[in-house]
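The values are calculated or read from the model by the stated rules, or taken from the named source; none is laboratory data. Predicted model only: the values in this text are computed from it and were never measured. When we count neighbours, we look across all protein chains shown, and the Cβ atoms used for this are built from the backbone with ideal geometry, even at glycine.
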Amino acid sequence: MSNNHALIQPKAPAGEEEKVAGMLGAMEQHLGFLPDGLKLYSFSPPLLETFIGNISYFNSGSRLDPRLMAMIRYLVSWQANCSYCIDLNETFLAGMGVDLAAVRAARNNVDAAPLPLRELQLLKFALRSVNDPDHISDTDLALLRDEGWTDRDIFDVVVQAANNRAFNNILRTFKIEHQGAFAG
């Protein structure tokens, strides 16, 4: 990214400031801080609500390990060159007690990801789903099912990877490079 400032400053629509402040306040209380990427959604309360719903699902509604989900976001962000999401997911992974040297080693060798082999297979599949979806086959799904993954698990990692890639593109478009990107 080339600019040192955000191209846009988030602002709730007139008449919806309290609703937006309530949603953002709840997330800040839950996370302990308010990510700038989340603030960006202030422009659209319905999209903010949907985005928070997705975050909540992947943090507590999915049966998949949060470390796996954070590694998916981390490596998708690394491949998309989204410094904001790389930093954010490193923070989340470190907070989960994951060794950051191992996390960073996975950037160039996914097999180095600090995950059990069974989860590593799902991580690789998630990455393939955003990088080479045309070459996913019935055989790929059968191999994951043979490891005990359900179709819902498989679907969840694909959605997590795809949603994160879209989020990376949004942040890069508006030059949200690091926490603290917004004035005030």
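Consider Gln179 carefully, then state whether it is polar (S, T, N, Q) and either crowded, with 17+ Cβ neighbours inside 10 Å or part of a helix (DSSP H, G or I) (or both). No. Thr91 satisfies every condition listed in (1) at pLDDT below 95; (2) in contact with a Lys or Arg (Cβ under 8 Å, 6 or more places away or on another chain); (3) within 30 Å of Lys11 (Cα to Cα) except (2).
Looking only at the range 44-62, residues that are touching a residue at least 12 places away in the same chain (Cβ under 8 Å), farther than 17 Å from Ala166 by Cα and assigned to a helix (DSSP H, G or I) come to 1 in all. Within the range 18-62, the set of residues being within 18 Å of the chain's Cα centre (by Cα) and charged (D, E, K, R) comprises Glu28, Asp36, Lys39, Glu49.
Sort through Leu68, Leu48 and tell me the only one that's aliphatic (A, V, I, L, M), modelled with pLDDT of 95 or more, under 21 Å from Ser129 (Cβ atoms) and surrounded by 14 or more Cβ atoms within 10 Å (Cβ to Cβ). Steps first, please.
Working: Leu48 fails: under 21 Å from Ser129 (Cβ atoms).
Answer to the selection: Leu68.
Does Leu143 meet the test of being out of contact with any helix residue (DSSP H, G or I) (no Cβ under 7 Å at 6 or more places or on another chain), touching a residue at least 12 places away in the same chain (Cβ under 8 Å) and among the aliphatic types (A, V, I, L, M)? Considered against the rule, which asks whether it is out of contact with any helix residue (DSSP H, G or I) (no Cβ under 7 Å at 6 or more places or on another chain), touching a residue at least 12 places away in the same chain (Cβ under 8 Å) and among the aliphatic types (A, V, I, L, M), Leu143 comes out as yes.
The single residue among Asn168, Asn163 that is in a helix (DSSP H, G or I), within 17 Å of Leu64 (Cα to Cα) and in contact with a helix residue (DSSP H, G or I) (Cβ under 7 Å, 6 or more places away or on another chain) turns out to be Asn163. Just wondering, is there one or more residues in the range 75-95 that are touching a helix residue (DSSP H, G or I) at 6+ places or on another chain (Cβ under 7 Å), in contact (Cβ under 8 Å) with a residue 24 or more places away in the chain, assigned to a loop (DSSP other than H, G, I, E, B) and loosely packed, with under 15 Cβ neighbours inside 10 Å? Taking every residue of the range 75-95 in turn, none turns out to be touching a helix residue (DSSP H, G or I) at 6+ places or on another chain (Cβ under 7 Å), in contact (Cβ under 8 Å) with a residue 24 or more places away in the chain, assigned to a loop (DSSP other than H, G, I, E, B) and loosely packed, with under 15 Cβ neighbours inside 10 Å. Within the range 127-169, the residues that satisfy the criterion of being within 12 Å of the chain's Cα centre (by Cα) and of a type in the set (A, V, I, L, M) are Val157, Val158, Val159, Ala161, Ala162, Ala166.
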